[in-house]
Every structure is written in C-alpha cells, then in structure tokens.
Amino acid sequence: MKSFLIIGLGSFGHHLCHALAQQRCEIMVVDKAGEALEDVLPYVVSAKVGDCTHEEVLRSFSVDNFDACFVCMGSNVLASLQITSLLKELGAKRVFSKADDDTQAKFLLRNGADEVIYPEREIASNIAVSASSDNIFDCIRLNADYSIYELQPLKRWLGKSLKELNFRVKYNMTVIGVVKDDVIRPNLHPDYTFKEDEHLLVLGRSEDIQRIIR
C-alpha cells in the first residue's frame, strides 16, 4: 500500500485526497486551516494543522517515508516554491507541485519539483477536445503528445475489422479497447469488427486524431 502526503486542502487537494482514498492508499494531509481538514478525516490516517513553509514543521512529518508528496498550493506561489524546495532538501522521494501557469511551473521545477500538475489546464483541454467534436466523447491526456480518446467509430469503419483496416499502420493510432454501457472490453482481437453501438478507446497523438475526424 502506497502512502502520500498532501499539503494544501483547497479544491484540488480535496479531490486528490478522495481519489487516492478510493485507491486504498494511506494519506496524510496538512493545512494551515483546521476547518479545511474536517471533511477528509474519514479518508486519511493523519491530519495536521501547520505551516509547511517552516522546515521544522515538515521535518516532523518524516517526508522521506512517503512514496510521494503533493504540494497543492498553486495560488500561493511563494509558499508553493518554499515547500517544494524544503521537501526535496528533506529527502522526499517524489514531489508533485500544482501550478497555475508556465512561469510558476518553471520555478517549481527549478526548486526541485519532479512533476508539475496543471489541473485547471488539463480539465479545460479535455473539455475543449470533446466539446469541439461530435465524434469524441472523452479525452485523457497522458503527456504533451499522447492522449487516450473515447471515440465514436466512423461510418466507413462499421462492419470492418481492425486487421482489414490495418488501423494502427493507416491511422498511426492504437485501439486499446471498446466501451459499451460503461463496460470496457480491452485486448481486442485483430478480427474485431467495428460496431455503431460501441465506442473506441484509442491511444494516439492529437494531430492524428484530428486528421481522422476531419
């Protein structure tokens, strides 16, 4: 079972805490305001009130024992930078820091963040992709280049198989599964034929998906 430290219980910190709890992880949360911790108490093993910009506060948590630490204080830029730097100095194995813009992200990376999280940007990007196309129902960004798309099969694909279309070679994308009635079926056989009532889960680059749906 993995253990995580979440610093800052704003909206993103709360959602992250609930999501990690659903994965049965051990979670410790810290915030300067005690009232911010009240609704997550059933989901965590420890909740502390403290100012993590002070080294002695962070040191008391033995941050090197956690699998990862999350700094969820994007709106307080100085505090986010200070905490990120202190976590790395104290031996944190992996630090994820929330950022609101590219400038903040650049300084967080310089201060030791292993990865920068843009929750608002990711949500906006995913909504923009699905809302701008009648064929795309969802999008999960994996990195700057690749995403997983929930895609309605095009009419010209219906009744044809993956092998017949030579899908991966022709479209430079990989079908990793299909969805029907919220049930996902992965590991498709090359003889799988596209059906109108099933959505595809496709892994690929944004430029390739846009080329397909135009």
Open item on the list: At 222 nm, what value in deg cm²/dmol follows for the chain if DSSP H runs of at least 4 each add -39500 (n - 2.57) and the sum is divided by all its residues, to the nearest 500?
Closed with: -9000 deg cm²/dmol
TODO: Arrange the peptides 180-188, 106-114 so that the one whose residues have, on average, the most other Cβ atoms within 10 Å appears first.
DONE: 106-114, 180-188
TODO: Among the listed pairs LYS48/LYS93; LYS98/LYS195; LYS32/LYS106; LYS48/LYS88; LYS32/LYS88; LYS2/LYS106, give every one whose C-alpha distance is greater than 31 Å.
DONE: LYS98/LYS195
Task: Stretch gain in nm, segment ASN76-ASN172, where the contour uses 0.36 nm per residue and the Cα spacing is subtracted - done: 30.4 nm
Task: Within straight-line cross-link reach of LYS170, lysines at Cα separation under 18 Å, skipping those fewer than 8 residues along the same chain - done: LYS155, LYS160
TODO: Give the relative contact order (percent, whole number) for segment 1-97; include only Cα pairs under 8 Å separated by 6+ residues.
DONE: 29 percent
TODO: Can you tell me the order of 66-73, 189-196, 45-52, 83-90 when each peptide is scored by its average per-residue count of other Cβ atoms within 10 angstrom, highest first?
DONE: 66-73, 83-90, 45-52, 189-196
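A short reminder: the numbers here are calculations on the coordinates, not readings from a lab. As the structure is a prediction and not an experimental result, all values here were calculated from the model. As a convention, Cβ positions derive from the backbone with ideal geometry for all residues, glycine included, and neighbour counts pool all protein chains shown.
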